[in-house]
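Below: one structure, written as structure tokens.
The values are calculated or read from the model by the stated rules, or taken from the named source; none is laboratory data. These figures come from a predicted structure and were not determined experimentally. For neighbour counting, all protein chains shown are included, and Cβ atoms are generated from backbone atoms with ideal geometry for every residue, glycine included.
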């Protein structure tokens, strides 16, 4: 916990408590200071250099992928599989 300080930007995954005010975190990632936004949604299209995400608010966003783009699921590093 000494690595998390006031002002840290984190992403936490876990189970939300029944009171809806707590999270029993199973994973916490400290983000780089340049990390601007995290988005969630359904991938609706994949090309050789991009993918399209349908966000829960109805907004569709196209993301460009480069060889340096990293993906992970838990502690597993994934690769971008283009169509």
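Here are some notes:
- Candidate set: the stretch 19-37, residues that are surrounded by fewer than 10 Cβ atoms within 10 Å (Cβ to Cβ) and under 21 Å from residue 65 (Cα atoms); chosen: the one modelled with the lowest pLDDT: 36
- Residues in the stretch 1-18 that are touching a residue at least 24 places away in the same chain (Cβ under 8 Å) and surrounded by 10 or more Cβ atoms within 10 Å (Cβ to Cβ): 4, 9, 11.
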